[in-house]
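The values are calculated or read from the model by the stated rules, or taken from the named source; none is laboratory data. If you're wondering where the values come from, they're calculated on a predicted model, not measured in any experiment. Note: ideal-geometry Cβ built from the backbone for every residue, glycine included; neighbour counts use all protein chains shown. Ligands, DNA and RNA are excluded from the accessible area calculation, which covers all protein heavy atoms including side chains. Shrake-Rupley method; radii C 1.70, N 1.55, O 1.52, S 1.80 Å.
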Amino acid sequence: YYPDLTEAVFAELYGLSGIAPWAFDWTESYAKSSSAKLIGDRLYCLIDGKSCLQPQRITAKRRAQLIHALLLATPKERKETGFHEVYLHNGIRVTIYSGERSKNGQDVIVFRKYVMKQLSFEALAEKGTFPMEAVPLFRAMCRVGFNVVFAGQVRSGKTTFLQTWQASEDPSLEGVAVATDPETRWEAILPDAPLMQLIADGDDLLAIEKSLKRSDADYVILEEMRDAASYRLFLGITSLGTMRSKGTIHDGSALNIPYKMASAIASQLGGDRQAMIAQLFGSIHFVFELMQLPENKAQKRLKALWEYRYDPAEDRVCAQQLCSYDPKTDSWRWAPAI
């Protein structure tokens with residue numbers, strides 16, 4: 001496997017499999033399309049927020065060649081397992097279901113790419129994710145250095161918002177980015193920043209937890225927090241007073257996040273659930289809830305912005321909603337203070 005040759009090699013393979021127009025943005029529609037799916041011989045592309053069947057048909061032989069080539073990028077993967085996640089040099093993420101994991105002749109290959117060419121609050125506002133008037137607020141929050149979490153369902157825009165927030169950070173600050181997979185290429189987003197990038201999950205993450213807590217990093221980034229190990233790491237680092245920390249989590253309700261994280265930690269790793277709930281409300285400052293519009297999945301919206309607080313004198317937690325999205329008017333209502 002030669003990383004420098006990846007793009008050229010896969011350009012040829014994409015052409016063989018009939019998805020080169022989508023992968024390399026040959027048309028404006030494909031350039032705006034964030035996902036494509038091969039289901040059997042049928043190719044679907046997300047265009048204008050809907051999965052559209054494309055005219056080309058991909059034969060079983062071509063699909064087998066493509067899967068074989070994609071797995072060359074991950075030598076540790078064994079074809080017979082039938083499930084694979086591959087991250088290509090050009091930033092495209094590929095998920096493969098084949099063999100016994102899929103019905104005969106109905107193997108599945110899912111491709112995801114980022115369509116945001118410019119990571120800025122203004123660019124997100126122009127796309128309608130939030131109002132342009134919120135840009136100064138978010139820039140000020142970023143300068144202050146709050147701990148923030150971006151929450152939402154799959155394809156709701158969490159990672160893009162996280163990347164945009166981080167792109168606005170002071171590049172001289174030292175950071176640690178921990179992920180379960182190499183989805184975000186921070187070296188491309190912040191080429192001059194002293195940002196260490198680690199890949200760890202589950203037991204591997206627990207093994208380096210103490211080391212990360214003792215690090216002198218100004219902030220930590222935890223992408224795709226989804227298990228007790230990642231929850232405890234985020235809680236441990238932020239409760240020590242570390243600021244500017246950021247994370248993403250699959251959850252549709254900001255009010256549920258501290259209880260979900262504390263319950264997972266307590267049941268799997270031990271600890272006082274109530275104490276951890278209080279710590280989470282005290283160490284996470286803001287939660288951004290994100291969503292995709294049901295009628296157009298390409299459109300993302302800031303569903304709500306919440307502020308967490310913990311009052312140690314009364315041992316009371318509080319979540320205040322600072323803004324909420326109104327789908328009827330495609331606008332936002334803000335708290336009077338904001």
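So what is the relative contact order of the range 167-299, in percent, for Cα pairs below 8 Å that sit 6 or more residues apart?
Normalised by residue count, the contact order of the range 167-299 is 20 percent.
At 4 °C and 1.567 mPa s, grab the translational diffusion coefficient of the range 239-338 from Stokes-Einstein with a Kirkwood Rh over Cα pairs, rounded to a whole number in µm² per second.
The calculation lands on 86 µm²/s.
For the range 202-257, how big is Rg over Rh, using alpha carbon atoms and the Kirkwood form of Rh? Mind dumping the intermediate values first?
Numbers: Rg = 11.3 Å, Rh = 11.8 Å.
Result for the range 202-257 is an Rg/Rh of 0.96.
Which value does Rg/Rh take for the range 123-201 over its C-alpha atoms, Rh per Kirkwood? Please list the in-between numbers first.
Details: Rg = 13.3 Å, Rh = 13.9 Å.
Computed over Cα atoms, the ratio is 0.96.
To the nearest 10 Å², what's Met243's accessible area with a 1.4 Å probe?
My reading of the accessible area for Met243 is about 80 Å².
In what sequence, largest accessible area first, do Leu255, Leu70 appear using a 1.4 Å probe?
If we order Leu255, Leu70 from most to least accessible, we get Leu255, Leu70.
Give the long-range amide H neighbours of Arg42: residues separated by 5 or more places, or on another chain, with amide H under 5 Å away, using H modelled in the peptide plane at 1.01 Å from N.
It is Ile58, by chain and number.
Between Leu53 and Val144, 0.36 nm times their residue separation minus their Cα-Cα distance comes to what? Walk me through the numbers on the way to the answer.
On the way: separation 91, 0.36 × 91 = 32.76 nm, distance 4.65 nm.
Contour length minus the Cα-Cα distance gives 28.1 nm.
Determine, from the Cβ-Cβ distance of Arg185 and Glu122 and an R0 of 30 Å, the FRET efficiency 1/(1 + (r/R0)^6), rounded to the nearest 0.05.
0.85
Distance between the C-alpha centers of the range 262-336 and the range 130-158? Whole Å please.
12 Å
Write down the accessible area per residue of the chain in Å², having rolled a 1.4 Å probe over the full set of protein chains.
With all protein chains present, the chain gives 49 Å² per residue.
Which cross-chain or sequence-distant (5 or more) residues have an amide H under 5 Å from the amide H of Ala177, H modelled 1.01 Å from N in plane?
Residues meeting the criterion, in which the H sits 1.01 Å from N, are Met196, Gln197, Leu198, Ile221.
Suppose every Lys and Arg Cβ carries +1 and every Asp and Glu Cβ carries -1, with no other charges. What dipole size does the chain come out with about its Cα centre, to the nearest 20 debye?
On the way: 40 positive and 41 negative charges, 213 e Å.
For the chain, the charge dipole is close to 1020 debye.
Mind checking the angle between helix 158-167 and the chain's longest principal axis? C-alpha axes, 0 to 90 degrees, to the nearest 10.
Tilt of helix 158-167: around 70 degrees.
Run the numbers for Lys61 and Ala31: contour at 0.36 nm per residue of separation, minus the present Cα-Cα distance, in nm.
Numbers: separation 30, 0.36 × 30 = 10.80 nm, distance 2.73 nm.
Difference between extended and current length: 8.1 nm.
Rank by packing, highest mean first: peptides 35-42, 187-194, with packing defined as the count of other Cβ atoms within 10 Å averaged across residues. Spell out each step's value before the answer.
Working: 35-42: 18.0, 187-194: 12.6.
The packing order, highest mean first, is 35-42, 187-194.
Over the chain, how many percent of alpha carbon pairs lie in each 10 Å bin up to the one with the longest distance?
All Cα pairs considered, the percentages come to 5, 23, 31, 26, 13, 2, 0.
For the chain, what does the helix formula give at 222 nm: sum of -39500 (n - 2.57) over DSSP H segments with n ≥ 4, over the residue count, nearest 500 deg cm²/dmol?
Mean residue ellipticity at 222 nm (helix-derived): -9500 deg cm²/dmol.
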